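Structure first, then comments.
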Amino acid sequence: MLSDCTKTIFSDYEDDKETIEMKILFVVSDFDIGGITSALKNLTNELIIKGHQVDILNMPSAASLPEGFNANIGLIQLPKKVQKWNLCIEDVKGASLPLKIFFSFVGIGKKLLNKKNKWIPFIFHYMQNLDDYDVAIAFRQDPADYYVVKYKTNAKRKVGFWHGDPDYMGDTSSWDRCVYDMDCIAGVSNAVCENLLRHYPKLKSRIYTVYNIFDKKKIIEQSKEYKVGYSSSAFNIVTVSRLGLSEPKNHQRIPAICKKLKADGRNFHWTIVGDGEDRGRLKQLILENDLENEISIIGKKSNPYPYIKQADLFVLTSSSESYGMVVMESLILGTPVVAGDYPALKEILSNECGIRADNSTYGIYLGVKAILDNKVKYNQLKENCSKFKYSTDETYQQFLKLCGE
């Protein structure tokens, strides 16, 4: 049960929505730029707007929160003895000789203790408990986040978020030790929650769906920041993603699809916005299939929204996503979507705004081809997308339920 708090009214229109002012702590093991950090930013910013007090525990020991976080969010520092909880080889390389020797001993101790799952309890022993929070949230699915929330906060409600599809996470044994420590677990889609229940059936009464939240106004503003050099004579397709040829990203599908479209005589250009470990291999596939004129890899962009907004079509090649944030961003920007039909997709993409294709290379090819071959169908999808409405209300109400009894 949450502590007794002052009840206040928040609404975009009238005083018709009751909520509770809460003091909320987010525990996050890193601020790496990506979907989870973006989701954290949007959620914490929304909570500030709604009148809640929000703090973030600075486990990455960052100088400040990443760009875009509300200035009213508090950043709590770890004690110095704990700041090297995630000690790695890069810390040793950049240190002075005495520190290198010290870190080497600490690293040996970490390795030995990790074998017995004792490192996290050992290092966080030096951290005092964080008091007076109504809710403490382990926002990244990291055992350290979960441990801190469970044992180093006195929050009345302890929550763990789960952003990934457990079927595609490989070895999840590290979660077996901590997933039951939380009062409840928030999955970012109904599909994720269903898969979690298969892996952890005892969590049945403690799993909630809380969708990712989006800053619609900011996305639209950023989409207007610059003009993209798309060809005016070609049908422009875009994919925005971290590049990977293996599951679940499956970007090797793009050259295969383009090869078929080129053989069909279709006039198109496919722009890939992103970077990753498989960029070189993907580029090689493009060269091997003589598709340099049909596909461009332009690298990672801090603001990819103009590429999505000004494209004719967004295509997602993933075999699975826990939610699919970029699909929602495309719809917010009025760009139709073709994607392989993974379980969570039906929670985002309707037939009015895109095509949920068979989740295979050939299936996605048929989805793209259907749009290229049917201008009337495409224009209808484009018109429907232009009318797409997004509100934060559903996610906010899900979050309040998560924080309830």
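So here's what we get for this one:
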| item | result |
| --- | --- |
| Selection of trypsin sites (Lys or Arg not before Pro), the range 252-304, meeting DSSP coil and at most 16 other Cβ within 10 Å | Arg266, Lys300, Lys301 |
| Cβ-Cβ FRET estimate between Thr172 and Asn351, R0 fixed at 35 Å, reported to 0.05 | 0.55 |
| Dipole axis of the chain (+1 Lys, Arg; -1 Asp, Glu on Cβ), positive-most option in Ile185, Val54, Leu285 | Leu285 |
| The range 258-332: Rg to Rh, with Rh as the Kirkwood radius over Cα pairs | 0.96 |
| Probe 1.4 Å, protein heavy atoms only - accessible area per residue of the chain in square angstrom | 48 Å² |
| Solvent-accessible area of Arg177 with every protein chain in place, 1.4 Å probe, in Å² to the nearest 10 | 130 Å² |
| From the C-alpha gyration tensor of the range 72-122, square roots of 5λ in Å | 22, 17, 8 |
| Accessible surface of the range 144-194, 1.4 Å probe, proportion on carbon and sulfur as whole % | 39 percent |
| Cα-projected label distance for Lys100 with Asp373, points at 7 Å along beta-carbon direction, nm | 6.4 nm |
| Over the chain, volume per residue of the alpha carbon convex hull, in Å³ | 159 Å³ |
| Mean separation of Cα contacts under 8 Å (6+ apart) over length of the chain, as relative contact order % | 13 percent |
| When each of Lys249/Lys300; Lys115/Lys202; Lys41/Lys389; Lys156/Lys346; Lys346/Lys387 is checked by Cα-Cα distance, pairs over 25 Å | Lys115/Lys202; Lys156/Lys346 |
| Whole-percent pair-distance distribution, where bins are 10 Å wide, for the alpha carbons of the range 251-405 | 10, 37, 36, 12, 4, 1 |
| Packing-based ranking, highest mean first, of 54-67, 182-195 given that Cβ atoms within 10 Å are counted | 182-195, 54-67 |
| Nearest-0.05 FRET efficiency for Lys382 and Tyr151, computed from C-beta distance (R0 60 Å) | 0.70 |
| Potential extension, Lys116-Ala62 segment - 0.36 nm per residue separation minus Cα distance | 16.6 nm |
| Over the range 94-241 - Rg/Rh using Cα atoms and the Kirkwood inverse-distance radius | 1.12 |
| Between helix 361-373 and the chain: long-axis angle, C-alpha atoms, 0 to 90°, nearest 10 | 50 degrees |
| Segment Tyr180-Ser205, extension gain: residue separation times 0.36 nm, minus the distance between their alpha carbons | 7.9 nm |
| Cα-centre dipole for the range 330-405 with unit charges at Cβ (Lys and Arg positive, Asp and Glu negative), debye to 20 | 320 debye |
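The values are calculated or read from the model by the stated rules, or taken from the named source; none is laboratory data. Since we're looking at a predicted model, the values are computed, not measured. As a convention, Cβ positions derive from the backbone with ideal geometry for all residues, glycine included, and neighbour counts pool all protein chains shown. Each accessible area value is taken on the protein alone, full model and side chains, heavy atoms only, with ligands, DNA and RNA left out. Shrake-Rupley method; radii C 1.70, N 1.55, O 1.52, S 1.80 Å.
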